[in-house]
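Note sheet for the following structure.
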């Protein structure tokens, strides 16, 4: 099990990116959270098997229709999470 911290840059707010990310993470049975950030990015902390985290990462690189992901930062994260949740903007 691993924890990945990912931040999506580009047109990722107001296009259903956060909701789509949450839906996929729940379907993949990952733990963690997703939130918008005041700088216009979307931040994710995801916990689970590496192959499932890779599936979430692949989706995050493209996002939903209407999104324009310019860059996705991925680095090791901290924490172990049982459920995946939507957090308030930070």
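Each value in this text was obtained by applying a stated rule to the coordinates, not by laboratory testing. Small disclaimer: the values here were computed from a predicted structure and weren't measured. Cβ sites come from the backbone with ideal geometry, for glycine too, and all protein chains shown count toward neighbours.
Just one of the listed residues (7, 42) is touching a residue at least 12 places away in the same chain (Cβ under 8 Å) and in contact with a helix residue (DSSP H, G or I) (Cβ under 7 Å, 6 or more places away or on another chain), namely 42. Screening segment 55-68 for residues that are out of contact with any strand residue (DSSP E or B) (no Cβ under 8 Å at 6 or more places or on another chain) and surrounded by 13 or more Cβ atoms within 10 Å (Cβ to Cβ) and picking the one that is farthest from residue 14 (Cα to Cα) gives 55.
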